Amino acid sequence: MTFQERFVVAIKDGQGRVLREVPGAGDKRDTVLLPFGAEYSVFLKNLGTTRAVVVVKIDGKDTLDGNSLVIDPGTDFDLQGFMEKDTVRYRFKTAQKTKEVVEHRGDSVEDGLVQVTFAFEELILAPKITYRSALPVHRRVVTETWEESDCRLYSNDTEAPGVQEYSLCCAAGGDTVNANFVSQVQPLQDEVVTVAGSEVHQQLNRTTVGVLGQRHTIVLKLRGLVGESPVSAAVTTRTKTTCPVCGTKSKSGVNFCPKCGNNLSASLPR
């Protein structure tokens, strides 16, 4: 489960259990392990005080059919799959990125990435209104200031924010860093792509939103292997890591065995 700017993103397995990110170095910090062929959903929660407008991309492709999700403050939403018009119809499902897959659909550096871009709706206070009133008896001008006591939300047709293409640039700390990517000929065996799973009918309603603030992006990476072994079960937030050296079980998120000090990121639960 990843928290950023009053917004939470997590991956759930087909049973609705929240999965945790794998401890370790490098890109594994935000990696979620799922068996190949497993269905999953994207959990979204708005901890802010205004509505959040959300765009979800998987493998670099829009999952919402050009739409955006509007999540009320203090509420959550479980996006179960690919959207067609106003209905989510097919669940998210993992598949191994094999050489055959690459030859048929192509290779992308965004494969396996779940990218959630969100922006909060802004409450715009009504401006102070200054006016002049002439007092004819004393023939002098008095300036008075009036300020509205309530907040007003001015609506417009601002569309939901788009997501910067990771293949071109990566936003970090407010700066944009350009990078050149080279498509790999042979995919890594642990790489995952998302395909259409079983049918589901998750109906959504349309609404309008006001002015949006700054955009933020949370990225999670899906993997299907631990070392050279396929993941046999999803690693949930309740999963405990067993040390292969001394057998001690550790709580979620612990990187080193509290008994012998062994690095547990090299021996994750299977």
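The values are calculated or read from the model by the stated rules, or taken from the named source; none is laboratory data. Not measured: the values here are computed from a predicted model. Reconstructed Cβ throughout: ideal geometry from the backbone, glycine too, with neighbour counts over all protein chains shown.
Let me spell it out: the conditions are (1) touching a Lys or Arg at 6+ places or on another chain (Cβ under 8 Å); (2) without any contact (Cβ under 8 Å) to a residue 40 or more places away in the chain; (3) not hydroxyl-bearing (S, T, Y), and G66 meets all of them except one. Which number is the exception?
(1)
Here's the yes/no breakdown for (1) touching a strand residue (DSSP E or B) at 6+ places or on another chain (Cβ under 9 Å); (2) surrounded by fewer than 19 Cβ atoms within 10 Å (Cβ to Cβ); (3) in contact (Cβ under 8 Å) with a residue 40 or more places away in the chain; (4) among the aliphatic types (A, V, I, L, M):
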residue	(1), (2), (3), (4)
Q4	yes, yes, yes, no
L19	yes, no, yes, yes
Y40	yes, no, yes, no
A52	yes, no, yes, yes
V55	yes, no, yes, yes
G60	yes, yes, yes, no
E103	no, yes, no, no
G106	no, yes, yes, no
L113	yes, no, yes, yes
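Go over the candidates G37, G74 one by one and state the one that is closer than 30 Å to G210 by Cα, more than 14 Å from the chain's Cα centre (by Cα) and assigned to a loop (DSSP other than H, G, I, E, B). Full working, then the answer.
Numbers: G37 fails: closer than 30 Å to G210 by Cα.
Answer to the check: G74.
Can you pull out every residue in segment 110-141 that is at pLDDT 60 or above and in a loop (DSSP other than H, G, I, E, B)?
Restricting attention to segment 110-141, the residues satisfying the condition of being at pLDDT 60 or above are 110-127.
E110, D111, G112, E122, L123, I124, L125, A126, P127, listed by residue number.
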